[in-house]
Amino acid sequence: MAEAAIRASGLGKRFGETLAVRSVSFEVARGSICGLLGGNGAGKTTTIAMLLGLLIPTTGKAVLLGADMQRDRYRVLPRLNFSSPYVDLPQRLTVRENLTVYAQLYGVRARRVRIAALADELALEAFIDRPYRSLSAGQKTRVALAKALLNEPELLLLDEPTASMDPDTADRLRRYLAAYAHRSGASILLASHNMQEVERICDDAVILRQGEVVAQAAPAELIRRYGGRDLEQVFLDIARGQERLAG
Amino acid sequence: MNDSLLRIGALMLRYYYLIRGSWPRLLEQAYWPTVQMIIWGFITKFMAGQSGWVAQAAGVFIAAVLLWDTVFRSQLGVFLAFIEEVYARNLGQLFVSPLRPWEMIAGMIGISFFRTLFGVGVAALLAVPLFGYSILGLGLPLVALFGNLLVFGWAMGLLVAAMLLRYGLGAESIGWASIFALAPLSGIYYPIATLPDWLQPVAFALPTAHVFEGMRQIMFEQQLPVGHLLAAAALNVGYLALGAGVFLWVFRIARERGLLLQQGE
């Protein structure tokens, strides 16, 4: 059986007196898209930061693509990528310059070809030679996604990738991500507040509440298990501590 | 190793793009070194008629200001390369890429090298037509003086970059000003013997004091300052190891405290 793309075992993080993440354990299967759900402060961003090794956990262990992220993260970092609204790109560089720098950091061969392909797929051509700072929030999100796809990652961690997009662009992006995962066999962990998005493209969903996993299953299975109208209803019930198992 | 060089090159490319897109930034590299050189050039001209000491070695103040600017620009080069990433909230992106912390250090040092060479180089070239003084007159030892000052600037730059990483942009003003705290002890414009006896050993714990003493030995005594150059080099090994070690240690703290995702304005 193939090693999971992500295996989080008892990940916890304490900042002084504040317990940010109590204990998070879950797995993401290779080739699957997994939604990471939770209200504000549930621990999604902290969990992603621990998975990537940007943040050292107080307890537990994260294994990505078979590598322990505390001891061996540099072995797998070229095969991962990430995008988040909590980080940015150099504002004064153009989109093309930013992508060129990151393509070189990731050791991408044929950088111009790869950037041209992404510009075409994510419709960046109209502003690729403009400074990053002059872009709208939605355009910046697309550029951040292009950066995250430069190295054709086997594992992509996306924190709220469609948060600042209009419905049309967000829809195109979801289709693109689903097609990318299908075409490349990549795994995606997608932190999102958009339940329709998760229902539509995720094979699996992990729901966090107060720094703990309270449920993990396919979206349809979660709806069946908790007897909600849709995933949003299930999420609201769980977030408010009002969930009860159906039947 | 090739991958490491590629990543270090990527950081330098990022800085080149930044400079290329902004001529005021390019101008700024040479502006202050040139202004300082002009001020000290006129002081030298005035003092040469008043002081036998200055008259003995024309250009001593110009050489001193150019060499002091080397250490200042070198420190600033590392500090500014790092602060650009903090302003851009780019540290989180950089450190989920395969970039190692030591490669970041090497990239900042590379950026600093070219910034310093350009800034001080322009001022040094202008000193020739303006005051008839060429710092190349110091001969081959100039390479050792320049190299020692560069390395010390890098070490200090890494220490202030570490402080910025640990305490955020609140520590920015310290980054700009910190190197000046060492100026009185460095003996830039006067011999270390001018300092009180008890302060002289403290001054000689700095590579800069040896470099400026060495510079005067060349200019006034026409002697190769082997002892001072070796002492500066030995001290620099320690200071650079300290700067890099503190930066890597603070990087570890930043990963423990989640600072890599919290940096920015």
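Every number in this text was worked out from the coordinates using simple rules, so none of it is lab data. Given the structure is predicted, the values throughout are model-derived calculations rather than measurements. Cβ sites come from the backbone with ideal geometry, for glycine too, and all protein chains shown count toward neighbours.
If you take the beta carbon distance between B:L242 and A:T59 as r and set R0 to 25 Å, what does 1/(1 + (r/R0)^6) give as a FRET efficiency, to the nearest 0.05? Don't skip to the end; give the middle numbers.
Values: r = 33 Å, r/R0 = 1.31.
For B:L242 and A:T59, the calculated efficiency is 0.15.
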**Message:** Quick check: residue separation of A:A29 and A:H182 times 0.36 nm, minus the Cα distance between them. What number comes out in nm?
**Reply:** 53.7 nm
**Request:** Quick one: angle between helix A:167-184 and the longest Cα principal axis of chain A, in degrees between 0 and 90, rounded to 10, please.
**Result:** 90
**Asked** Measuring from the lowest to the highest alpha carbon on each principal axis, how far does region B:121-219 reach, largest first, in angstroms?
**Response** 45, 37, 21
**Fill in**
Note: A:98-108 gets an average of partner chain Cβ contacts (10 Å, Cβ to Cβ) equal to 6
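Determine the shielding of peptide A:215-225 by partner chains: average, over its residues, the number of Cβ atoms on other chains within 10 angstrom of each Cβ.
Values: counts 0, 0, 0, 0, 0, 0, 0, 0, 0, 0, 0.
Going residue by residue through A:215-225 and averaging, the value is 0.
Pick out the long, greasy-scoring helices in chain B: whole DSSP H runs spanning 24 Å or more along their own axis by Cα, mean Kyte-Doolittle at least 0.0. Please report the intermediate quantities before stating the final value.
Details: long enough: B:2-20 (26 Å, 0.32); B:23-48 (37 Å, 0.40); B:60-87 (39 Å, 1.40); B:101-131 (44 Å, 1.56); B:141-167 (39 Å, 1.73); B:226-257 (46 Å, 1.09).
Counting only whole DSSP H runs, the qualifying helices are B:2-20, B:23-48, B:60-87, B:101-131, B:141-167, B:226-257.
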**Item:** Neighbourhood net charge (14 Å Cβ-Cβ; Lys/Arg +1, Asp/Glu -1) for B:L117
**Value:** +1
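Arrange the peptides A:55-63, A:10-18, A:91-99 so that the one whose residues have, on average, the most other Cβ atoms within 10 Å appears first. Present the calculation step by step, with values, prior to reporting the outcome.
Details: A:55-63: 19.1, A:10-18: 14.3, A:91-99: 22.3.
Descending mean neighbour count gives A:91-99, A:55-63, A:10-18.
Expressed in whole Å with the largest first, what are the equivalent ellipsoid semi-axes of the protein assembly as shown derived from the C-alpha gyration tensor as the square root of 5 times each eigenvalue?
Values: eigenvalues 601, 109, 61 Å².
Equivalent ellipsoid of the protein assembly as shown: 55, 23, 17 Å, largest first.
How do A:149-155, B:89-95, B:68-74 rank on mean C-beta neighbours within 10 Å, highest first? Write out the running numbers ahead of the final one.
Details: A:149-155: 20.3, B:89-95: 23.1, B:68-74: 26.3.
Result, highest mean first: B:68-74, B:89-95, A:149-155.
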**Asked** For the protein assembly as shown, what is the percent of antiparallel DSSP beta bridges, rounded to the nearest 5?
**Response** 50
**Complete:** Quick shape summary for region B:2-261, equivalent ellipsoid via Cα gyration tensor, semi-axes whole Å in descending order, reads 34, 20, 16
**Asked** How far apart, in nm, are the 7 Å Cα→Cβ label points at A:N40 and A:E3?
**Response** 3.8
**Request:** Could you compute the FRET efficiency for B:R166 and B:A234, with r as their C-beta to C-beta distance and R0 at 30 Å, rounded to 0.05?
**Result:** 0.60
**Request:** Would you please put A:135-143, B:79-87 in order of how densely packed they are, using the mean number of other Cβ atoms within 10 angstrom per residue and starting with the highest?
**Result:** B:79-87, A:135-143
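For A:R71 and A:V113, FRET efficiency with R0 = 41 Å and r from the beta-carbon atoms, rounded to 0.05? Could you put the intermediate results ahead of the total?
Working: r = 35 Å, r/R0 = 0.85.
FRET efficiency, A:V113 to A:R71: 0.70.
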**Item:** For residues of B:98-108, the mean tally of beta carbons on other chains within 10 Å
**Value:** 2
